[in-house]
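Take a look at the structure below.
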Amino acid sequence: MSGYMWPVRLTLLAAVWLTAVPAHAHGPGLAGPDPSASYTNRLIERAQRLGLHEAGQWQRLLHYRRSKYSAGVESENDGAAFFLSRRGKRDPRAELAATLRAFFSPLTKAQRRANAERGKGVPHPICRFPARFAWLSQQLGFDAARLPVTGCPGFVDFLREVDPGGVTLVFSSYYLNNPASAFGHTLLRFRKASAMVAGDRRDLLDYAVDFSADVDTGNALLYAIKGLFGMFPGTVKRMPFYYKVREYGDYETRDIWEYELNLTPRQVFMLLAHIWEVGRTFFRYFYIDENCSYRILMFLEAANPELDLVEHLGEAVLPADTVKAVMRNPGLVKAIHYRPSLRTQFKHAIAGMDDDDLDHVELLAEDAGHPLPATWSDRHRSQVLDAAADLFDVRNVKDLIKKRDGQAAEHKRELLRRRAALGLKSPPPDVPAPVEERPDGGHGSKRAGLGGGGREGLRGFGTLDFRLAMHDLADPSTGYPELAQLEFLPTRLRVWPSSNRIQLTLDDFAVVRIVSLTSIDRFDQSISWKVETGVRTFERMGCDRCLAGYGRGGGGLARAFMGRALVLFATLDLSLQAGPDLTGVADSPLRAGAGPFLGARLRLDPNLVVLLVGEWLWYPKQPDESQWGAEATLRWSFARDLAVSVEAAARPFGLDAELMLLSYF
Amino acid sequence: MKRAAVAVFSLVVMLVATTVQADPYGTAGCGLGSMIFGDEKGIVQIFAATTNGSSGTQTFGITTGTSNCADSGGGTDSAKAFIETNREAFSKDVARGQGETITNLSALAGCADPRAVGSTLQSSFEAIFPQGDSADTEVSRAVIDTLKAHPELACGLLG
């Protein structure tokens, strides 16, 4: 072990913890002097005079928020063990008084045993709530001689293991090809002080702290319901960071972005001490708002009362909002790192190869015994074998991890055996960070817009646009995946002014609209797909003008050109509509059609996108049997989070054109 | 209302999401399959990923010593856990004679020079991975044995 790590550890531990729990109280682990009730009472009085229970730090350490249901505040923590007063969940003042009393209550037998067993059982409140202790001690200047404990072995072990030298906010990217990973995820990584001092990159060995729901059902419907209504407990977990790298970077092939935070040793300590405090309790987990991303920001705030992170968030919290909130605090982020996913590493590995090399990579991924040309140098062979192993991993990672005894494992082993036999070392991959995809640079995740337009030969209309999340193919592409659209609750209303009244119609409302395009190349033949469902005003669709629910999905192919500036795609779609005013199959109110959909997206600049789509749908044996439409959108983001959008749509019954001003927030 | 809308959204995602087969992973050790994906079944696994739920990670508490597989403090046990969990990336790094997993493993094992560790492991590839289906625990034991068999690597934390 390196002797250099001790100075850092000592700075951290000694400055903040060891001095806070002084060693000169008598006897190891024994009760100190009897707590004098009058001393505790004096402390409580002083705390109340100073209004400490209203201080930002206290409010945040206890997770008090304005109550949704009554006057006053309520803690978002839902574990009884988190409060020392029975009224603690709703009464910051009572909780503070009870905390002070508990800190100076003598050590019980059980607590002494918990100390002796280092971390098992329930230790003394000072050891359960070290962040509260550190702050109150600083505010009130505790008399060290009156403290009932001399140390907290369990907590100190925890500190030693994590060995915190710095904190990084980790964001794992969106990946629409797995609908699962659509919105991304955030967690914290504590950089080990020992590695920082030694100047090593040993990130995999750092500890990650993750907030997630503890799922107790295998039933998908129950899962959805419980998650939406906060019926799963959310808890913090600690694991070596390599679990997360393997899970997100390899298994799900998502790129990872890391925002290294500029925190003082005291702030790092307070964050970790606070995580220890909440580690044995839980917060009800709500997918939409009180989720992993929200909670991670709340932990950061609890440790750093001068930070304002949650204030920057709206009601629904997406992981990307967390990195934006962090970036809005000037100076808080000192460095940004990029960790390429398995797929990105493979793309980088083949970037410089010619067609002949690529042929061999493909053949090796099919047949591990495929012979390489005798004329090739070992270096050349190693490059092709390395790329083939990466490709094989990308295609088979799930099988490899779950089915150790499968064909895939044997195939990969043979590729690697041939590679190892060459003996020379591969150069470390150096994948440049795609700065244009950095999530903090993306437009706001919500959108609202205002505009107007007209129908050929008819009156004009005004348009209102709103979308809860997140991105469509015409929105400015910086910070988002280039070939993906994920919209949640996009809504368009039209306002029709006429001489005597104003009419409001719902033009289109979708619950969800997803388009996932994958550019076909020789190594990736994944299909592109889309799905949407909602309610829309239909015209000449078995009714003259009526509102009907719809669902639509399609699959097809996409191909990108010019570094993805141009994307062409085609899908075969299936379309369903249902509504009381519709006339459809056998005169029922249900319609079903199918047909081709074509699209082209041209990115002239990250802030200037042209999108053209056309479709033809056939509704056999139904009124208005043949439907076609074409739409063109030109969207220019002239300032951050502001865009103008010119949109035109041609249909059998006429041409609509409108101009919109869109704001992202 | 918002939450109700999201319920509908969830149902839709459920319909489009493809089912992932989660085969039970029987091997002992700290393999990724058993540690993270072990108990989750197909569709719920996808949901878990969408919404950051987890059902396979109960082993990861916050307190000290919650799981042998969650120890990255250094020494033989944490080196073994590291090898087992990182097996897929690690096997590639061994074949290539260098890489992030080798640097990190060297730190766990206390070895003096990660470059030398990379060369040694590379030349021992067939001993470490005798077969594609070698158990994770066999692989990790073989790695530790290899490192110990080379005193010049000075992997001081392996005991």
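Here, each number is a calculation from the coordinates, and none is a lab measurement. On a predicted model such as this, the values are computed, not experimentally measured, just so you know. All Cβ positions, glycine included, derive from the backbone under ideal geometry; neighbour counts span all protein chains shown.
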Overall Cα dimensions of segment A:340-433 - principal axes, largest extent first, Å:
35, 35, 24
Determine the shape class of segment A:450-492: with a ≥ b ≥ c the square roots of the Cα gyration tensor eigenvalues, call it rounded for a/c under 1.5, and otherwise prolate if a/b is greater than b/c, oblate otherwise.
prolate
Given the pairs A:Lys192/B:Lys148; A:Lys237/A:Lys446; A:Lys244/B:Lys80; A:Lys425/B:Lys92, which are separated by over 20 angstrom at their Cα positions?
A:Lys192/B:Lys148; A:Lys237/A:Lys446
How big is segment A:162-339 along each principal axis, measuring the range of its Cα positions in Å and listing the largest first?
49, 35, 30
If you average the sequence gap of Cα pairs under 8 Å that are 6 or more apart and divide by the length of segment A:579-620, what percent do you get for the contact order?
34
Burial ranking of peptide ranges A:138-147, A:98-107 (average Cβ count within 10 Å, highest at the top):
A:98-107, A:138-147
Assuming a ≥ b ≥ c are the square roots of the Cα gyration tensor eigenvalues, decide whether segment B:71-153 counts as rounded (a/c under 1.5), prolate (otherwise, with a/b larger than b/c) or oblate.
rounded
Within 10 Å of the Cβ of an average residue in A:202-215, the count of other chain Cβ atoms is 6
State to the nearest 20 debye the size of the charge dipole of the protein assembly as shown about its Cα centre, where the only charges are +1 on K and R beta carbons and -1 on D and E beta carbons.
2840
Residues A:Ala335 and A:Gln48, FRET efficiency given R0 of 45 Å [Cβ-Cβ distance, rounded to 0.05]:
0.55
In nm, give the distance between the simple-model label positions of A:Ala448 and B:His150, each being 7 Å from the Cα along the Cα-to-Cβ direction.
6.3
With Cα coordinates, the longest principal axis of chain A makes an angle with the long axis of helix A:37-50, in degrees rounded to 10, of 40
Overall dimensions of segment A:22-151 as given by Cα atoms, namely Rg and Dmax in Å:
15.1, 49
Output needed: Cys residues of the protein assembly as shown lacking any neighbouring Cys C-beta below 4.7 Å, sorted by number.
A:Cys292
Using the Kirkwood formula on the Cα atoms of the protein assembly as shown, what hydrodynamic radius do you get, in angstrom to one decimal?
29.3
Between A:Arg65 and A:Arg501, how high is the FRET efficiency from 1/(1 + (r/R0)^6) when r is the Cβ-Cβ distance and R₀ = 30 Å? Nearest 0.05.
0.10
Hey, if you put +1 on the Cβ of every Lys and Arg and -1 on every Asp and Glu Cβ in segment A:69-159, which of A:Ala134, A:Phe83, A:Ser105 ends up farthest toward the positive end of that dipole?
A:Ser105
Charge dipole (segment B:71-153, unit charges on Cβ, about Cα centre) - positive-most of B:Val143, B:Phe90, B:Ala116:
B:Ala116
Under the rule rounded for a/c under 1.5, else prolate if a/b exceeds b/c, else oblate, using alpha carbon gyration tensor axes a ≥ b ≥ c, segment A:612-665 is classed as prolate
Are there trypsin sites (Lys or Arg not before Pro) in segment A:402-499 that DSSP marks as loop and that have at most 12 other Cβ atoms within 10 Å, and which are they?
A:Arg459
Determine the gain in length on full extension of the stretch A:Ala37-A:Trp376; use 0.36 nm per residue of separation and subtract their C-alpha separation, reporting nm with one decimal.
113.6 nm
Give me the mean projected area, in nm² to one decimal, of the convex hull enclosing the Cα positions of segment A:442-664.
12.5
Do you know the relative contact order of segment A:43-103, to the nearest whole percent, from alpha carbon pairs under 8 angstrom that are 6+ apart?
30
Any idea how far the Cα center of segment A:44-94 sits from the one of segment A:434-498, in Å?
41
Using Cα pairs under 8 angstrom and six or more residues apart, how large is the relative contact order of chain A, in percent?
8
Distance between Cα centroids, segment A:507-563 to segment A:352-373: provide it in whole Å.
36
How large is log10 I(q)/I(0) at q = 0.15, 0.21, 0.24, 0.33 Å⁻¹ when the Debye formula is applied to the Cα atoms of segment A:121-161, each weighted equally and without solvent?
-0.38, -0.71, -0.89, -1.22
Ranked list, fewest to most other Cβ atoms within 10 Å of each Cβ, for A:Met562, A:Met270
A:Met562, A:Met270
Relative to the longest principal axis of chain A, what angle (0 to 90°, nearest 10) does the C-alpha long axis of helix A:265-278 take?
80
Once amide H atoms are placed 1.01 Å from N in the peptide plane, what residues at a sequence separation of 5 or more from A:Leu590, or on another chain, have their amide H within under 5 Å of its amide H?
A:Gly584, A:Val585
Expressed in nm to one decimal, what extension gain is obtained for the pair A:Glu436 and A:Leu363 from 0.36 nm per residue of sequence separation less their Cα-Cα distance?
22.9 nm
Dipole magnitude of segment A:108-180 about its Cα centre, charges +1 at Lys/Arg Cβ and -1 at Asp/Glu Cβ only, in debye to the nearest 20?
400
If the cut-off is 17 Å between C-alpha atoms, which lysines fall inside it for A:Lys403, apart from same-chain ones fewer than 8 positions away?
A:Lys412, B:Lys41
Longest DSSP-loop-exposure-free segment, GluC sites (Glu not before Pro), chain A, at most 14 other Cβ within 10 Å:
A:118-305
To the nearest 0.05, the calculated FRET efficiency linking A:Leu602 and A:Gln139 through their beta-carbon distance, R0 being 51 Å, is 0.30
